[in-house]
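Since the structure comes first, as structure tokens, the remarks are kept for the end.
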Amino acid sequence: MSVVALVPAAGRGVRLGGSVPKALVPIRGEPLLVHAVRGLLASGCVHAAVVAAPASDVDVAAGALAAAGVDAQVVPGGPNRTQSVRLALHAAGDPTIVLVHDAARAFTPAEVIKAVVAAVSAGVPAVIPVLPVADTVKRVDPAGVVLNTPDRSELRIVQTPQGFSADVLRRAYDAYPDDTTTDDAGLVERLGVPVATVPGHAYAMKITTPFDLAIAESVLS
Ligand code: CTP
Ligand code: MG
């Protein structure tokens, strides 16, 4: 049973606002991407990683990983996350299980990665790590006026790695070649394949803003 992790890392990081792509932003001296891929491989249940790097910085990303002794294949990413995952999937060979893990979730604990792989290994076709929603959530109209209040107990925040049997993920990406509106599990849902959940973790937060980066520097790394 081979497990390959696809790591979309090709975003610019507009909300972070740095001068280099987000995946190359250093945290405690090493790029976010290096932390993310090292964490996947160190979990002991991921055999290889394929990184979709910013097309302008493929060599820089590959060099940073090599310098850190972190083994990964690096391919140029696309204009959106979906295309980056698609390009990494094409380069991934023929694994049994595929994980898709945001480089931006650089400090995801091994226990989350292991739980996802364990579920797919046990025969679940698709699984995502989730957290309960802490805040009340409102649905609003375009003017910002509240329409209604969804039942929070039914809502979950979705993290990565998302795990799939490889044939299911390939089928989803083939079925919706132009879709960029949802995540990997969202494509799989549309096939009618059930998507299971496992507990996520606060440390698997997505580093999106300068505030998140400060949390990562002080708490997570
Ligand atoms: N991603 C990607 N290719 C893109 C856009 C995003 O591989 N064209 C990746 C990012 O590098 C990140 C993950 O998808 O690891 C989640 O995206 P997000 O956190 O939104 O990162 P960015 O798109 O870089 O950030 P922003 O939206 O603030 O520009
Ligand atoms: Mg983005």
Q: Taking only Cα atoms and a 10 Å spring cutoff, compute GNM fluctuations for the chain and point out the largest among H101, H90, H35.
A: H90
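How large, in percent, is the carbon and sulfur part of the accessible surface of segment 2-93 at a probe radius of 1.4 Å? Show your work: numbers first, answer last.
Working: 2150 of 3800 Å².
On segment 2-93, the fraction of accessible area on carbon and sulfur atoms equals 56 percent.
Using helices alone, I'd like the mean residue ellipticity at 222 nm for the chain: each DSSP H run of four-plus residues gives -39500 (n - 2.57), total over residue count, nearest 500.
That comes out to -8500 deg cm²/dmol.
Ratio of alpha-carbon Rg to the 2.2 N^0.38 Å globular estimate for segment 106-221, to two decimals, please. The partial results should precede the final answer.
Values: Rg = 16.3 Å, N = 116, 2.2 N^0.38 = 13.4 Å.
Here the answer is 1.22, to two decimals.
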Q. Between segment 188-213 and segment 12-37, what is the C-alpha centre distance in whole Å?
A. 19
Q. Treating the beta-carbon of each Lys and Arg as +1 and of each Asp and Glu as -1, no other charges, what is the dipole magnitude of the chain about its Cα centre, to the nearest 20 debye?
A. 240
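Please work out the average accessible area per residue across the chain, using the 1.4 Å probe convention, and give it in Å². The partial results should precede the final answer.
Working: 10220 Å² over 221 residues.
Using a 1.4 Å probe on heavy atoms only, each residue of the chain averages 46 Å².
Rank V195, V145, V127 by accessible area, highest first, at a 1.4 Å probe radius? Walk me through the intermediate numbers first.
Numbers: V195 45, V145 85, V127 0 Å².
Highest to lowest solvent-accessible surface, that is V145, V195, V127.
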Q. Straight-line reach from K114: which lysines have Cα under 26 Å away, leaving out those fewer than 8 places along the same chain?
A. K22, K206
Q: Compute the projected area of the convex hull of the Cα atoms of segment 136-198, averaged over all viewing directions, and report it in nm² to one decimal place.
A: 5.9
Q) Using modelled amide H (1.01 Å from N, peptide plane; none on Pro or chain starts), what sits under 5 Å from the amide H of A49, excluding residues fewer than 5 places away? A) A5, Q73
Q | segment 18-65 - Rg (one decimal) and Dmax (whole number), Cα, Å | A | 11.0, 34
Q) What do the square roots of 5 times the Cα gyration tensor eigenvalues come to for segment 1-98, in whole Å, largest first, as semi-axes of the equivalent ellipsoid? A) 21, 16, 11
Q. Which translational diffusion coefficient, to the nearest whole µm²/s, is obtained for the chain from the Stokes-Einstein equation, given a Kirkwood hydrodynamic radius over C-alpha pairs, 37 °C and 0.692 mPa s?
A. 185
(Q) Using Cα-Cα distances under 8 Å and only pairs 6 or more residues apart, what relative contact order does segment 3-220 have, in percent? (A) 24
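The values are calculated or read from the model by the stated rules, or taken from the named source; none is laboratory data. Note that the structure is a prediction, hence the values are computed from the model and not measured. With ideal geometry, Cβ positions are generated from the backbone for all residues, glycine too; neighbour counts draw on all protein chains shown. Each accessible area value is taken on the protein alone, full model and side chains, heavy atoms only, with ligands, DNA and RNA left out. Shrake-Rupley method; radii C 1.70, N 1.55, O 1.52, S 1.80 Å.
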